[in-house]
Each structure stands twice: as C-alpha cells, then as structure tokens.
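Read through the structure below, which is laid out as structure tokens, and then see the notes.
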Amino acid sequence: MSKASSQEAILTYLEEKYDERFEVEAFDEGNEALKQMYGGDELIAHPEGNPEHVFLAGEDRDHEGEYYDNYVLSIWQNELTKHYKEEISKILTGLDYEYRILIYSQDGYNGSNKGMSVFEYLSNNKQDASIALKLAIKESSDPNINNYKGQIYELYKLVNNIDAESSRVSIGVVEKSTGVKDYIRTSEVNNVPWSNMIGKVYGTLTIHKQFEITDPSQIEEYYRPMEE
C-alpha cells in the first residue's frame, strides 16, 4: 500500500469510527517486513478545528487490516488540563509557563469510552491509569530551582491527589524565547524528552508519586542542569 493510500485508510477508519473529520499533522511509514517488532504505518492527527485533541492512530501490528487509535486519551488529557487550569494558575503566579496534564491507560484506546468523563473513568479504574503533569517554565537566564521549590511541591501534591495508581511531575526550565507551546501540546504523542526539544533547556526535574516528598526543601535534589 502506498503512503497516500495508507494514510487515507487510517483516516477512513477514524472517520467511520467516530463520525468526525480529522486532520493529519504527521505520518510515519512503518517497516512492512518488521511490523510486529516496530509497528506499521502511523499518523498524528486531531479533529478538524481542534488541535488540542492531538492523538495517534495507525495499523495494528498483530492483526492485518485492523487499526488502533488513542483519541479518547487526548480527550481525557484536555479535560484534565482545563479542569486544573485555575488551580495551577494560582500555584504558578508570577511565572511564564506552558503545561499539559497527560493520562496513560490502555482503556484510552477503546472508542466506546469517548463519552465518559475522565473523572468517571478514574473513579472505577484508577489502578489502570497513570497521570503526568508536563510543565515548561520559561526563563531568560539560568535559574535557581529553589526559587520554585514551594510551587513545585504544591504541583506535586496536586497531581498526587488525582485518583490514579501512579503520577509524576515533569518540568523543563527553558529559554523564554523557545517555542515550547507545540512541544507541550504534542508531548504525549511525540514522546520527545526535554533533552531533545528544539531550543535551549536550562535543566529538568522529574518527581514521582513514590518518592513520597514531604517538604519543599527536598525538591532541589531532583533538579538536573542540562549540560552544554
């Protein structure tokens, strides 16, 4: 199947499944001979006019002629991001930032969950879900992470209180002029680490729920300056 016809086949699958129109942002041609190992053709898409619901769709590596997508995850992620917007804004007062709350769950590949609220889903399936807050803090010079330790600690508590089995906060402190908005928007589907982001990254910090941080003074030890 040609690249164009493969892309069209995936789009047809999506539009028939959800009765919506979608736009393709990127297409990745798989290796037909090694499909079971590396996967088949895959694309990044979003519903027409709604780029915040960016998701993956592609060929099922184990079942010829079948497809998969995680459109539902993108809906849930957007719901979480909007739900906590005001609270996060209060925590990060005075900072220039971009963020997105991500959810990881195999149930996000099930189209029948599309009409379900993420909070309804989590109330019954928290053991199957993981939450991540992806945050870019924009600065004009090399920062002192202690300037944010109280705010990061509050974010850590906020995310941990979301009803999921595991959670984490992933922060990149980036140069203010860096175009980080699209990186954050596509962070779940592109899976690009901070170190590979286009633009200047001063440093990164990741804290997981299981670290059991109990005081803001513990935050600094998890900060890693980015080597030049």
Checking THR214 against (1) in a loop (DSSP other than H, G, I, E, B); (2) in contact (Cβ under 8 Å) with a residue 12 or more places away in the chain; (3) hydroxyl-bearing (Ser, Thr, Tyr); (4) open to solvent by 30 Å² or more (accessible area, probe 1.4 Å): exactly one of these is not met. Which one?
(2)
Tell me, yes or no, whether the stretch 63-78 has at least one residue that is open to solvent by 80 Å² or more (accessible area, probe 1.4 Å), farther than 19 Å from THR186 by Cα, part of a loop (DSSP other than H, G, I, E, B) and touching a residue at least 40 places away in the same chain (Cβ under 8 Å).
no
Are any of the residues in the stretch 207-215 of a type outside the set (Val, Ile, Thr), closer than 30 Å to LEU14 by Cα and under 18 Å from the mean Cα position of the chain (by Cα)?
no
Look at ILE88 and say whether it is part of a strand (DSSP E or B) and among the aliphatic types (A, V, I, L, M).
no
Residues that are out of contact with any helix residue (DSSP H, G or I) (no Cβ under 7 Å at 6 or more places or on another chain) and among the β-branched types (Val, Ile, Thr), drawn from the stretch 48-79:
ILE75
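Here is a yes/no grid of residues against (1) in contact with a helix residue (DSSP H, G or I) (Cβ under 9 Å, 6 or more places away or on another chain); (2) of a type in the set (D, E, K, R); (3) surrounded by 20 or more Cβ atoms within 10 Å (Cβ to Cβ); (4) under 20 Å from ALA26 (Cα atoms):
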site: SER195; (1), (2), (3), (4): no, no, no, no
site: LYS200; (1), (2), (3), (4): no, yes, no, no
site: THR206; (1), (2), (3), (4): yes, no, no, no
site: GLU220; (1), (2), (3), (4): yes, yes, no, no
Being surrounded by 15 or more Cβ atoms within 10 Å (Cβ to Cβ) and either without any contact (Cβ under 8 Å) to a residue 12 or more places away in the chain or not in a strand (DSSP E or B) (or both) is the filter here, so list the residues in the stretch 136-152 that pass it.
PRO143, ILE145, TYR148, LYS149, GLN151, ILE152
Within the stretch 165-179, count every residue that is farther than 13 Å from ILE219 by Cβ and either surrounded by fewer than 22 Cβ atoms within 10 Å (Cβ to Cβ) or under 12 Å from the mean Cα position of the chain (by Cα) (or both).
9
Does SER112 meet the test of being free of Cβ contacts under 8 Å to residues at least 24 places away in the same chain and closer than 18 Å to VAL72 by Cα?
yes
Going through LEU102, LEU133, LEU158 one at a time, which residue ends up being open to solvent by less than 30 Å² (accessible area, probe 1.4 Å), within 30 Å of LYS200 (Cα to Cα), among the hydrophobic types (A, V, I, L, M, F, W, C) and assigned to a helix (DSSP H, G or I)?
LEU158
So, of the residues in the stretch 80-95 that are of a type outside the set (S, T, N, Q) and open to solvent by less than 60 Å² (accessible area, probe 1.4 Å), which turns out to be farthest from GLU165 (Cα to Cα)?
LEU95
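The values are calculated or read from the model by the stated rules, or taken from the named source; none is laboratory data. It should be emphasised that the depicted structure is a prediction, and the values quoted were computed from it without experimental measurement. Glycine gets a Cβ as well: all are built from the backbone with ideal geometry, and neighbour counts include every protein chain shown. Areas reflect the complete protein model, heavy atoms only, side chains present, ligands, DNA and RNA absent. Shrake-Rupley method; radii C 1.70, N 1.55, O 1.52, S 1.80 Å.
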